[in-house]
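Comments concern the structure below.
The values are calculated or read from the model by the stated rules, or taken from the named source; none is laboratory data. Predicted model, so just to flag it, every value in this text is computed and none were measured. Here the Cβ is made from the backbone with ideal geometry for all residues, glycine too, and neighbour counts use every protein chain on show.
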Amino acid sequence: MKDILSLAIETSCDETSAAVLKNGREVKSNIIMSQIDIHKKFGGVVPEVASRNHVQDINPVIKEALDTAGVSFRDLDIISVTYGPGLVGALLVGLASAKALAYALDIPLVGVHHIEGHIAANYIAHEKLEPPFICLVVSGGHTHLVKVADYGKYEILGRTRDDAAGEAYDKVARAIGLGYPGGPLIDKLAKEGNPHAISFPRTYLEEGSYDFSFSGLKSAVLNYLNGMKMKAEPINEADVAASFQEAVIEVLSAKLIRACKEHGLKQAAIAGGVSANSALRERLETMCKKEEIDFYYPPLMLCTDNAAMIGSAGYYEYVNGYTSSLDLNAKPGLRLGDK
């Protein structure tokens, strides 16, 4: 089979990224222009600000990706691009660039689901990983438990019913006074605290459910902080961070392991921004080893939003016969499995 060289573009939130991949797993370049420092002052991502910065950064990022890979536009076989879910204005910037390039170069366009991209990050990191496996996707906007039946074929076992795990991290971090983004800051502070100091609730929902809910936990942390302030009692912020994180990790880990056992699979993976959390990785490594389950996770660079993961997912969509028309539009509420 002929080698497939692809350019991938990711602009779903606040990272402008472009990557060049060979055959979906060999990364030739992966350029990421982060806007974290811009949005820190607002305590979170401002959609309009994100969109304007994508417009400013997209062409230089694409050029750098091609230059780093040592290829030209004429060497490309396909263009992959995130078209949902995400911030609609941000998505449209990447889509406009991808469609213009696909048209000008007369090569196929492949629209990629953002969560599918996060799952595919594991294909880049682990050459021998192949479906089927169970993947826990945890980020600022998403918490999904997915059975990856084959390349491009997914069964959603569970999803969050309210706050995503990463969203809860950001809100708790803000309440403690740590700033944005909350995930890495809480992970760092939690190392200094006692994870059993405060008994925060674990929400497993009804028996047998693979869904998640973190709204109650978030509220419990906020109520605890407010109660301590009203009583003028000192707050051990490290204990709060550690106890909150323990409650999140306990539920995430338990449901991933249960899904593997109940579906008879011996491979588990995590993906998304929260998959960079050191405590989550350590807990799952221990639990998977005990259950004789092979455990996979991406390197830190591939946990956050990046175009390489979109290129990997796009490659497998393409070889499975899926391409997009040039009227492809942004779908901010796109669900995994939809086209």
Against the definition (more than 17 Å from the chain's Cα centre (by Cα) and crowded, with 23+ Cβ neighbours inside 10 Å), how does Val148 come out, yes or no? no
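Does Tyr322 satisfy being closer than 21 Å to Ser12 by Cβ and assigned to a helix (DSSP H, G or I)? Working first, answer last.
On the way: closer than 21 Å to Ser12 by Cβ: yes; assigned to a helix (DSSP H, G or I): no.
It is false that Tyr322 is closer than 21 Å to Ser12 by Cβ and assigned to a helix (DSSP H, G or I).
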Could you check how many residues of region 238-278 are assigned to a helix (DSSP H, G or I) and at pLDDT 95 or above? 25
Does Ala175 count as small (Gly, Ala, Ser) and more than 30 Å from Val221 (Cα to Cα)? no
Across region 271-329, the tally of residues that are exposed (fewer than 15 other Cβ atoms within 10 Å of the Cβ) and among the hydroxyl-bearing types (Ser, Thr, Tyr) stands at 3
Can you give me the number of residues within region 84-130 that are under 21 Å from Val61 (Cβ atoms) and of a type in the set (Ser, Thr, Tyr)? 2
Against the definition (outside the structural domain of Ser139 (by TED's automatic domain parsing), buried (at least 17 other Cβ atoms within 10 Å of the Cβ) and either modelled with pLDDT of 95 or more or hydroxyl-bearing (Ser, Thr, Tyr) (or both)), how does Ser72 come out, yes or no? no
Among residues of region 199-232 being free of Cβ contacts under 8 Å to residues at least 24 places away in the same chain and charged (D, E, K, R), the residue farthest from Asp170 (Cα to Cα) is Glu207
Just wondering, is there one or more residues in region 213-220 that are of a type in the set (Lys, Arg), assigned to a loop (DSSP other than H, G, I, E, B) and within 12 Å of Ala247 (Cβ to Cβ)? no
Checking Leu101 against (1) crowded, with 20+ Cβ neighbours inside 10 Å; (2) modelled with pLDDT of 95 or more, which single condition isn't satisfied? (1)
